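The values are calculated or read from the model by the stated rules, or taken from the named source; none is laboratory data. Predicted model only: the values in this text are computed from it and were never measured. Cβ placement follows ideal geometry from the backbone for every residue including glycine, while neighbour counts extend to all protein chains displayed.
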Amino acid sequence: QVQLVESGGGLVQAGGSLRLSCAASGRTVSNYAMGWFRQAPGKEREFVAGISWSGGITNYADSVKGRFTISRDNAKNAVYLQMNSLKHEDTAVYYCNAGFYSGKYYQPYNYWGQGTQVTVSS
């Protein structure tokens, strides 16, 4: 089992920045790729960013490319999402996930945190 706890969400004005953190525990999380997903009201959960176990591979949804950066610190069992130039449409609950890469595509396992709310005021 892998336990994931997100933090760092909040209310920010458009154009601002937030840094989300995900603390992982349980199985050796450094063996997993990690990802961030988000779910806005009335919408399905969507992929935001992924990072391989070594950190050597990252990929992003087109909607956040160039604005968000995913990183990880395996010594701390932590994953981060730096979000810059936030837009109103980034408003959502953000979830941390443990998964794997199939080729260049991130695939989630069913390990999810409880989520952290990000609200961007326009």
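Take Gly35 and decide whether it is at pLDDT below 95 and buried (at least 18 other Cβ atoms within 10 Å of the Cβ).
Details: at pLDDT below 95: no; buried (at least 18 other Cβ atoms within 10 Å of the Cβ): yes.
No, not satisfied.
Give the residue, chosen from Glu6, Glu44, that is at pLDDT 95 or above, among the acidic types (Asp, Glu) and part of a strand (DSSP E or B).
Working: Glu44 fails: part of a strand (DSSP E or B).
Selected residue: Glu6, the only one of Glu6, Glu44 that is at pLDDT 95 or above, among the acidic types (Asp, Glu) and part of a strand (DSSP E or B).
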> Can you name the residue in the range 86-102 that is among the small types (Gly, Ala, Ser) and within 14 Å of Trp53 (Cα to Cα) and is also surrounded by the fewest Cβ atoms within 10 Å (Cβ to Cβ) among such residues?
Replying inline: Ser102
>> Only one of Gly115, Gly56, Gly16, Gly42 is surrounded by fewer than 18 Cβ atoms within 10 Å (Cβ to Cβ) and on the phi > 0 side of the Ramachandran plot. Can you tell me which?
In response: Gly42
>> I'd like to verify a number: residues in the range 64-122 that are touching a Pro at 6+ places or on another chain (Cβ under 8 Å) and farther than 18 Å from Arg45 by Cβ, how many?
In response: 0
> Somewhere in the range 19-26, is a residue crowded, with 17+ Cβ neighbours inside 10 Å and either at positive phi or of a type in the set (D, E, K, R) (or both)?
Replying inline: no
> Can you tell me which residue in the range 59-85 is farthest from Ala24 (Cα to Cα), limited to those that are among the charged types (D, E, K, R) and surrounded by fewer than 16 Cβ atoms within 10 Å (Cβ to Cβ)?
Replying inline: Asp62
